[in-house]
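Following: one structure in structure tokens, then a few remarks.
The values are calculated or read from the model by the stated rules, or taken from the named source; none is laboratory data. Just so we're clear, the structure is a prediction, and the values are computed from it rather than from any experiment. No Cβ is skipped: glycine too gets one built from the backbone with ideal geometry, and neighbour counts run over all protein chains shown.
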Amino acid sequence: MRIITLLTDFGLKDNFVGVIKGVILKIKPDVGIVDISHNIDAQDKFAAAFLLKASYKYFPEGTIHVIVVDPGVGAQRKIILVKTKEYYFLSPDNGILSLALKEEKIERIVSVENDKFFLKPVSDTFHGRDIFAPVAGFLSKGNKLSEFGPQVKHIEEISVPQPQKNNQKLTGQIIHIDRFGNLVTNIDIDTLQSFSKGVKIRIKGMPVDGISASYQDVGFGKPLAIIGSFGYLEIAVNGASAENYFSLRKSDKIELEEPPEEGSRKS
Amino acid sequence: MRIITLLTDFGLKDNFVGVIKGVILKIKPDVGIVDISHNIDAQDKFAAAFLLKASYKYFPEGTIHVIVVDPGVGAQRKIILVKTKEYYFLSPDNGILSLALKEEKIERIVSVENDKFFLKPVSDTFHGRDIFAPVAGFLSKGNKLSEFGPQVKHIEEISVPQPQKNNQKLTGQIIHIDRFGNLVTNIDIDTLQSFSKGVKIRIKGMPVDGISASYQDVGFGKPLAIIGSFGYLEIAVNGASAENYFSLRKSDKIELEEPPEEGSRKS
Amino acid sequence: MRIITLLTDFGLKDNFVGVIKGVILKIKPDVGIVDISHNIDAQDKFAAAFLLKASYKYFPEGTIHVIVVDPGVGAQRKIILVKTKEYYFLSPDNGILSLALKEEKIERIVSVENDKFFLKPVSDTFHGRDIFAPVAGFLSKGNKLSEFGPQVKHIEEISVPQPQKNNQKLTGQIIHIDRFGNLVTNIDIDTLQSFSKGVKIRIKGMPVDGISASYQDVGFGKPLAIIGSFGYLEIAVNGASAENYFSLRKSDKIELEEPPEEGSRKS
């Protein structure tokens, strides 16, 4: 069975997501539709790009990933449909595909313009229903990329903010806070491995002890650093929320430096 | 594949929605179940009626729409099953179907009373599980309307509150606030078109500039009026929440009048 | 069609639940996946056990119930897979199956250890994705229990706290508060029936009138006691939230005693 995933900021309060599914199923009744998340903060393009990168490759080959976080709806931004070796991606051309596509071999990109695939009249405010849903439906039914619009070469980009190196000190930042209050930073495993003699971590001036292998490496209610499931360094608290413990929010800073003597790395 | 949609105020915190799906799938394992929303404010019948109207016709012919917002559960209200030309609707008889049915050709209405289709014992508090779910399951399996109970002629009604006209001034109200903080009013396109010379809009005493064609017609963070995807005039803010910007809530007023000289309509 | 249910504390903000579904569908594309809830309070094992007990048996025979509320992820706790006469249960071995299993005939329990069924590398923080999802996928595909690991005899237990009897007075507590603010107590129907002469209920010192048959037995906005859909005594308010009305929370007390003269039981 063909799968379509949905990643949006439409929330689950209104009927928006249900209607999108209705439109798809009216075109292709036996497609499987999976929600990745609809609770992206309104218009937070980076969060969409970040969660898409952390999700898309867990799905079966041929999956159609539809991402609608679209502050430019009704204005001039393009809608793009991308085919890679294993997947399809459909989204506004505002950079939300760029973190995922960095890892993929792109085969073709088209600008979605053929309005024979759109619901009419196309509203000015809900392209999720009027364009994204029917295009995903027809794509899952077998229509070819070239039928949806002309090929394009360049698409918009978003980047993960890079940590700053200053002498022995590396300053990163919080790029995502998950449901448990874990603070996901922009410091990846490769960067961490450059600290060959271990690492001292400070967050809001408070030291965090080395890198733990599990939440339970420290006492209940104590903070720790761990390589999280996103592949980045996370700050967590065993049995509680690091977001509340440290009173931190997205973009706040985290500092790493090599210890003066031997390392304190635990695992 | 037959589709059943669910629109309820059961929320996603408890197991209520999952259990309803289990009961349906135990009767008809290959039916497709789609959530329209479960986050209707508790017992808000108008919100259910409004979102149903804005959703039902996007689904495939033959879809069974199940709506459970049911302050009268366990008391005397009927449960009704309605067949229209294209759809089935199952809900408590408390008016929540009336906005959708106004647009549909009704073929038959029955009062659901045949308890051979119910889970036993029927609880006093969760007819979603004990009556609505199994009835939807058996209906999707092919049982006929007449098997569920006797025909009825009249059902309860809910109306959209109508805007009030006073000289040149029209006073509407906010009937829905969506996840983005857009303020949906009860002023529809037809009413707007009666303002042939353009329209001056005031909300909480503050003027809003004409009718925009997209959110980006005004500067970032500025308010606008737009015909939204529900088909009604909406007040929005480009890139932000009009609900927060104006500090408004449901039932608050909006005023429209013809401009003294030439119109300010933009699009 | 085989059904897999998911009951977790992963929330719907991140991509966690979507990714779990992707992993399952990559292994078994035509399985049906149903959410019971993902909004269990973070790491609240009792809530998971309670909602599982109230849900599992509404699903078709052969359903695989996957429950991931897992404060011990990455540490020493086992992962168990249980086959009963009608269902499969997969969860961390931390007691969250024990309320459901009390009602079931257990056929076999294995400790899930065969990492050929795991996603590699197995993260330290997201066994939902790396272990629970693929194991559920392969189980739905037909792999046998014995392939996943060695048989075990004992698993961890959680209990519902028991009401305390003291002379004629029974003191119970609130064990769950639902989306409507209904206060679910630990007083079951059998216990209630021991009050043969009726029962006087006090909650936070305020009397509640007998046991009602429906919410509408009392005036709008008035409190009542009712046997809820979980099979326990619940305190509710007609048309409103008992949680707000009484300002109560989980673990707060409720007192029952026999009335001095004739009973006040209504139904």
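Annotations
- The residues of region B:191-230 that are aromatic (Phe, Trp, Tyr) and surrounded by 13 or more Cβ atoms within 10 Å (Cβ to Cβ), listed by number, are B:Phe195, B:Tyr215, B:Phe230.
- Here A:Ala100 does not fit the description of being under 18 Å from A:Val152 (Cβ atoms), free of Cβ contacts under 8 Å to residues at least 12 places away in the same chain and not aromatic (Phe, Trp, Tyr).
- Matching residues in region C:52-75 - criterion: being assigned to a strand (DSSP E or B) and either hydrophobic (A, V, I, L, M, F, W, C) or on the phi > 0 side of the Ramachandran plot (or both): C:Ile64, C:Val66, C:Ile67, C:Val68
- Count - residues of region C:177-203 that are at positive phi and at pLDDT below 85: 1
- Residue among B:Val31, B:Val73, B:Val112 that is within 24 Å of B:Asn143 (Cα to Cα), within 14 Å of chain C (Cβ to nearest Cβ) and either of a type in the set (S, T, N, Q) or touching a residue at least 12 places away in the same chain (Cβ under 8 Å) (or both): B:Val31
- Residue check for C:Thr63: hydroxyl-bearing (Ser, Thr, Tyr), touching a residue at least 60 places away in the same chain (Cβ under 8 Å) and crowded, with 18+ Cβ neighbours inside 10 Å: yes
- Single residue of region A:23-37 satisfying the filter (over 18 Å from A:Leu90 (Cα atoms) and not acidic (Asp, Glu)) that is modelled with the lowest pLDDT: A:Pro29
- Helices (runs of 4 or more DSSP H) fully within region A:120-205 counting 3 or more residues that are out of contact with any Asp or Glu (no Cβ under 9 Å at 6 or more places or on another chain) and of a type outside the set (A, V, I, L, M, F, W, C): A:133-141, A:189-193
- Number of the exception - B:Asn182 against (1) polar (S, T, N, Q); (2) more than 11 Å from chain A (Cβ to nearest Cβ); (3) within 24 Å of B:Lys53 (Cα to Cα): (2)
- Subset of region A:1-27 [more than 10 Å from chain B (Cβ to nearest Cβ) and among the basic types (Lys, Arg)]: A:Arg2
- Top-ranked residue of region B:239-259 - restricted to ones that are in a loop (DSSP other than H, G, I, E, B) and within 11 Å of chain A (Cβ to nearest Cβ), ranked as farthest from B:Asn166 (Cα to Cα): B:Gly239
- Contact annotation: residue pairs with Cβ atoms under 6 Å, 6 or more positions apart or on different chains, pairing a residue in region B:141-156 that is among the basic types (Lys, Arg) with a partner that is assigned to a loop (DSSP other than H, G, I, E, B), are B:Lys141/B:Lys28.
- The selection criterion, being of a type in the set (Val, Ile, Thr), crowded, with 21+ Cβ neighbours inside 10 Å and without any contact (Cβ under 8 Å) to a residue 60 or more places away in the chain, holds for B:Ile40.
- Exactly one residue out of B:Val68, B:Val82 is within 13 Å of chain C (Cβ to nearest Cβ) and hydrophobic (A, V, I, L, M, F, W, C), and it is B:Val68.
Residue by residue, here is whether (1) out of contact with any Leu (no Cβ under 6 Å at 6 or more places or on another chain); (2) in a loop (DSSP other than H, G, I, E, B); (3) closer than 21 Å to B:Phe50 by Cα holds:
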{"residue": "A:Met1", "(1), (2), (3)": "yes, yes, no"}
{"residue": "A:Phe10", "(1), (2), (3)": "yes, yes, yes"}
{"residue": "A:Val17", "(1), (2), (3)": "yes, no, yes"}
{"residue": "A:Asp30", "(1), (2), (3)": "yes, yes, no"}
{"residue": "A:Ile40", "(1), (2), (3)": "yes, yes, no"}
{"residue": "A:Phe50", "(1), (2), (3)": "yes, no, no"}
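- Candidates in region A:85-108 are the residues that are within 14 Å of another protein chain (Cβ to nearest Cβ), more than 14 Å from the chain's Cα centre (by Cα) and of a type outside the set (Ser, Thr, Tyr); of these, the one that is surrounded by the fewest Cβ atoms within 10 Å (Cβ to Cβ) is A:Glu86.
- Residue check for C:Glu157: away from every other protein chain (no Cβ under 11 Å), under 30 Å from C:Lys105 (Cα atoms), surrounded by fewer than 17 Cβ atoms within 10 Å (Cβ to Cβ) and out of contact with any Phe, Trp or Tyr (no Cβ under 7 Å at 6 or more places or on another chain): yes
- Every pair of residues 6+ apart whose Cβ atoms lie under 9 Å, when the first sits in region C:222-238 and is assigned to a strand (DSSP E or B) while the second is among the basic types (Lys, Arg): C:Val237/C:Lys222
- Selection of region C:76-113 for residues being part of a loop (DSSP other than H, G, I, E, B) and charged (D, E, K, R) yields C:Arg77, C:Lys78, C:Lys85, C:Glu86, C:Asp93, C:Lys102, C:Glu103, C:Glu104, C:Lys105, C:Glu113.
- Scope region A:202-234; condition more than 28 Å from the chain's Cα centre (by Cα) and of a type in the set (Lys, Arg); matching residues: A:Lys222
- Among the residues examined, A:Gly32 qualifies as of a type in the set (Gly, Ala, Ser), crowded, with 18+ Cβ neighbours inside 10 Å and in contact with a strand residue (DSSP E or B) (Cβ under 6 Å, 6 or more places away or on another chain).
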